[in-house]
1. Suppose we filter LEU147, LEU102, LEU77, LEU143 for residues that are surrounded by fewer than 18 Cβ atoms within 10 Å (Cβ to Cβ) and under 14 Å from the mean Cα position of the chain (by Cα); which single one remains?
2. Could you please tell me which pairs satisfy a Cβ distance under 6 Å, a separation of 6+ or placement on different chains, a first residue in the range 28-56 that is in contact (Cβ under 8 Å) with a residue 12 or more places away in the chain, and a second residue that is of a type in the set (Asp, Glu) and crowded, with 17+ Cβ neighbours inside 10 Å?
3. Could you list all residues from the range 105-140 that are in a loop (DSSP other than H, G, I, E, B) and open to solvent by 60 Å² or more (accessible area, probe 1.4 Å)?
4. Pick from the range 57-67 the residues that are more than 11 Å from the chain's Cα centre (by Cα) and free of Cβ contacts under 8 Å to residues at least 24 places away in the same chain: which of them is most open to solvent (accessible area, probe 1.4 Å)?
5. Only one residue in GLU48, GLU97 is more than 18 Å from LEU9 (Cβ to Cβ), assigned to a helix (DSSP H, G or I) and of a type in the set (Asp, Glu). Which one?
6. Can you tell me which condition ASP54 does not meet? The list is (1) among the acidic types (Asp, Glu); (2) under 15 Å from the mean Cα position of the chain (by Cα); (3) surrounded by fewer than 19 Cβ atoms within 10 Å (Cβ to Cβ), and all the others hold.
Amino acid sequence: MDDDWEKRLAAAWDTLDAYGEENAGEFRALIDGLAAELPAKDPVAPFERACAFDSTGHSDRAVPLYRKALERGLDGLRRRRALVQLASSLRNTGRAEEGVALLTPELEGPSDELDDAVRACLALCLANLGREREGLSLVLGALAPHLPRYQRSMANYARLLVADTPA
């Protein structure tokens, strides 16, 4: 995997919307072709294939590929993306509790550009489990720093939502 491959991959992803639902298989074939250029055990190949299935409405087919990518040692930002996307796919396939288990430890991990995505996806998983107050708390906590005003108030409200939740 080199810069040229990454650029070709990014260019392919930029075309996703042009395929539409009726040609989603062609898009998946494009990503599959790029993934096939990688070494046999490369964790990026199943990750990108999973993303293609996920982005074309096949969460069920994405789940095992995300797991394979993680088992093969996917790292860096792609690892965290895989966790978020796997949790989302699990939620979409009726396994929100598994999504919560995947993402909850990420709240304590190193911070990066995906922090808000982790919280948003975790909030959706929690809502599917009837834990809407916890989910809303996460979303408000993620939103608060981006507001032009009321950051402190919103952060406090986010904390109070879960402080008031019975154990």
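1. When all the criteria are applied, what remains is LEU77.
2. Going by the 6 Å Cβ cut-off, the qualifying pairs are ILE31/GLU48; ALA35/GLU48.
3. Residues satisfying the conditions are GLU108, PRO110, SER111, GLU113, LEU129, ARG131.
4. Per the stated criteria, the residue is ARG61.
5. GLU97
6. (3)
The values are calculated or read from the model by the stated rules, or taken from the named source; none is laboratory data. Because the structure is a prediction, the values reported are computed rather than measured. For neighbour counting, all protein chains shown are included, and Cβ atoms are generated from backbone atoms with ideal geometry for every residue, glycine included. In case anyone asks, the SASA skips ligands and DNA or RNA and just uses the protein heavy atoms, side chains included. Shrake-Rupley method; radii C 1.70, N 1.55, O 1.52, S 1.80 Å.
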